[in-house]
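Have a look at the structure below, then the notes.
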Amino acid sequence: MSGHGAPGIGFGTEEKSRAAGMKVAIVAASWHTQIMDGLLAGALRGAADAGVENPVVVRVPGSFELPVAAARLAAKFDVVVALGVVIRGGTPHFEYVCQAATMGLTDVSVRSGKPVGFGVLTCDTEEQGIARAGLPGSVEDKGHEAITAALSTALTLAALDV
């Protein structure tokens, strides 16, 4: 796992006032409940840290379903954050789901022009997911990172529209 080299993105008073007015949606998969609960809690904490109140949370069955929900949400929200976890098994299913989620969410972002925070963990083991889920004892908080990156990107894009 590597958080090494991650940017130090934070929200000062000006950024919080700009982010507070954004409509934010979080779409979260349902597989691996403990990990997903941590990712979702981190994203909600990140929204609050940025001054965003009441982000909409939508749950879907798994990571494969994230892109279609994100596409629908991107039409009505300024920022979408996708959260999921895929744990490697003994079949190629892992690669198919990871690729579909990654390509699908990238496509949603590019086509909509809206930031889509990528909080999809692709892990070899459940322990790796727990370590990245922002739970007590976790070494990383990928839900918080995903929403912070998406909001920061939205603020950057809004400044380009000036």
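Values as computed for the structure displayed
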{"quantity": "So S138, is it surrounded by 20 or more Cβ atoms within 10 Å (Cβ to Cβ), modelled with pLDDT of 95 or more and of a type in the set (S, T, N, Q)", "calculated": "no"}
{"quantity": "Test: G21 is crowded, with 24+ Cβ neighbours inside 10 Å and not aliphatic (A, V, I, L, M)", "calculated": "no"}
{"quantity": "G143 vs. criteria in a helix (DSSP H, G or I), on the phi < 0 side of the Ramachandran plot and either surrounded by 21 or more Cβ atoms within 10 Å (Cβ to Cβ) or hydrophobic (A, V, I, L, M, F, W, C) (or both)", "calculated": "yes"}
{"quantity": "Inter-residue pairs, beta-carbon under 6 Å, first closer than 17 Å to I87 by Cβ and among the polar types (S, T, N, Q) and in segment 128-144, second at pLDDT 95 or above and buried (at least 17 other Cβ atoms within 10 Å of the Cβ), 6+ apart", "calculated": "S138/A131"}
{"quantity": "Some residue of segment 48-61 being touching a His at 6+ places or on another chain (Cβ under 6 Å) and buried (at least 19 other Cβ atoms within 10 Å of the Cβ)", "calculated": "no"}
{"quantity": "Verdict on L73 being modelled with pLDDT of 95 or more, in contact with a strand residue (DSSP E or B) (Cβ under 6 Å, 6 or more places away or on another chain), under 24 Å from K23 (Cα atoms) and outside any strand (DSSP E or B)", "calculated": "yes"}
{"quantity": "Residues within segment 99-127 that are buried (at least 16 other Cβ atoms within 10 Å of the Cβ) and out of contact with any helix residue (DSSP H, G or I) (no Cβ under 8 Å at 6 or more places or on another chain), tallied", "calculated": "1"}
{"quantity": "Pairs, first of a type in the set (S, T, N, Q) in segment 107-121, second surrounded by fewer than 16 Cβ atoms within 10 Å (Cβ to Cβ) and outside any strand (DSSP E or B), C-beta under 9 Å, six or more apart", "calculated": "S112/A75"}
{"quantity": "Test: residue in segment 103-120 that is closer than 20 Å to R18 by Cα, part of a loop (DSSP other than H, G, I, E, B), within 11 Å of the chain's Cα centre (by Cα) and not small (G, A, S)", "calculated": "yes"}
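The values are calculated or read from the model by the stated rules, or taken from the named source; none is laboratory data. Please read all numbers here as calculations on a predicted model, not as lab measurements. Cβ: placed from backbone, ideal geometry, glycine included. Neighbour counts: every protein chain shown.
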